[in-house]
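The values are calculated or read from the model by the stated rules, or taken from the named source; none is laboratory data. This is a predicted model, so every value here is computed, not measured. Here the Cβ positions follow ideal geometry from the backbone for every residue, glycine too, while neighbour counts run over all protein chains shown.
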Amino acid sequence: MKNALILGFVLVAATGFASDRYYDEEFQVGRDAEFSLECHKGSITIRTHSVPVISVQARIYADQGKDPELVDLTEIKARAGQRFVSIDVEYGRPDEKENSFLGESVTLPLIEWTILVPDDASLELESHKSTFDIDAPIGQIKIETHKGRGSVRGVRGAFELETHKGEFEVEIAELTDLEIDTHKGDILATIYGAKDFSIDGEAQSHEGTLQFSGYDIPIEEEDGELIVDFNSGSGRNSIEVSTYKGKIELRFLN
């Protein structure tokens, strides 16, 4: 395989207007490869395996039957090399709506992703409001979403979650560095076996909530903000949590 590869959309059994469309591709990768995905909405399911292959399958379909013509105008773009696979989605518009983007709303299609990555991979995922169902590989994981929701299990590398008002449950099997930033989301992180860590946390309004269990972690109030500054053991693993008026809860289980 060449060092860099650009692939277009693979259409499978799409007959007639507004039929579902399908993407199915495999990418041979080396060790510690990064998989990145940028899309708008739908569902993202990620599992791991022991093979040096990233497998990407997707189904594109109209959201509640609205604007079905946009299914045929949605294109999946892939770039790939030995150390990375990058997937982006381009959402087209019908010609009659092209010049009225601000004046006429459309309902973009949903995309249902099913992805297999090697266990040593890392992830970078960006989606406006997808549902996430992730078995974490060992590498670094970064998720950015406006109002997505879901669960991430078995995190063993650095983890970063940024969301405006999403709802997530995160399981940290081995703590390294953890960063959670939400405006008004609801985030629960369960952390196993953590002893050497430091916490830098803030809730920037009286509506924000920080909760901790498993350790006696003091929370101070200063000028209407909640502030946390806590060390356990060597403090070598960094935990940063920040919210405006959402809720972040950390459960420490030993």
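Annotations
- Which numbered condition HIS206 fails, given (1) under 18 Å from the mean Cα position of the chain (by Cα); (2) more than 29 Å from VAL89 (Cβ to Cβ); (3) modelled with pLDDT under 95; (4) not hydrophobic (A, V, I, L, M, F, W, C): (1)
- Among the criteria (1) in a strand (DSSP E or B); (2) touching a His at 6+ places or on another chain (Cβ under 8 Å); (3) surrounded by fewer than 23 Cβ atoms within 10 Å (Cβ to Cβ), the one LYS129 does not fulfil is (1).
- One residue from ILE219, ILE172, ILE138 being more than 29 Å from ALA121 (Cβ to Cβ) and hydrophobic (A, V, I, L, M, F, W, C): ILE219
- Filtering segment 79-96 to residues that are surrounded by 16 or more Cβ atoms within 10 Å (Cβ to Cβ), more than 13 Å from ALA33 (Cα to Cα) and within 18 Å of the chain's Cα centre (by Cα) leaves ILE87, VAL89.
- Residues that are assigned to a strand (DSSP E or B) and under 20 Å from ILE191 (Cβ atoms), drawn from segment 134-148: ILE134, ASP135, ILE141, LYS142, ILE143
- Enumeration of residues in segment 221-236 that are of a type outside the set (A, V, I, L, M), closer than 14 Å to GLY201 by Cα and modelled with pLDDT of 95 or more: ASP229, PHE230, ASN231
- When ASP32, ASP24 are checked against the criterion of being modelled with pLDDT of 95 or more and part of a strand (DSSP E or B), a single residue qualifies: ASP24.
- Answer residue from segment 228-253, given it is assigned to a strand (DSSP E or B) and charged (D, E, K, R) and is surrounded by the most Cβ atoms within 10 Å (Cβ to Cβ) among those: LYS247
- Among the residues making up segment 82-104, those that are at pLDDT 60 or above and farther than 16 Å from GLU124 by Cα are GLN82, GLU90, TYR91, GLY92, ARG93, PRO94, ASP95, GLU104.
- Hits in segment 16-44 - residues which are surrounded by fewer than 17 Cβ atoms within 10 Å (Cβ to Cβ) and touching a Ser or Thr at 6+ places or on another chain (Cβ under 8 Å): GLU26, ASP32, SER36, GLU38
- Per the listing GLY224, GLY201, GLY193, the residue uniquely within 16 Å of ASP177 (Cβ to Cβ) and surrounded by fewer than 17 Cβ atoms within 10 Å (Cβ to Cβ) is GLY193.
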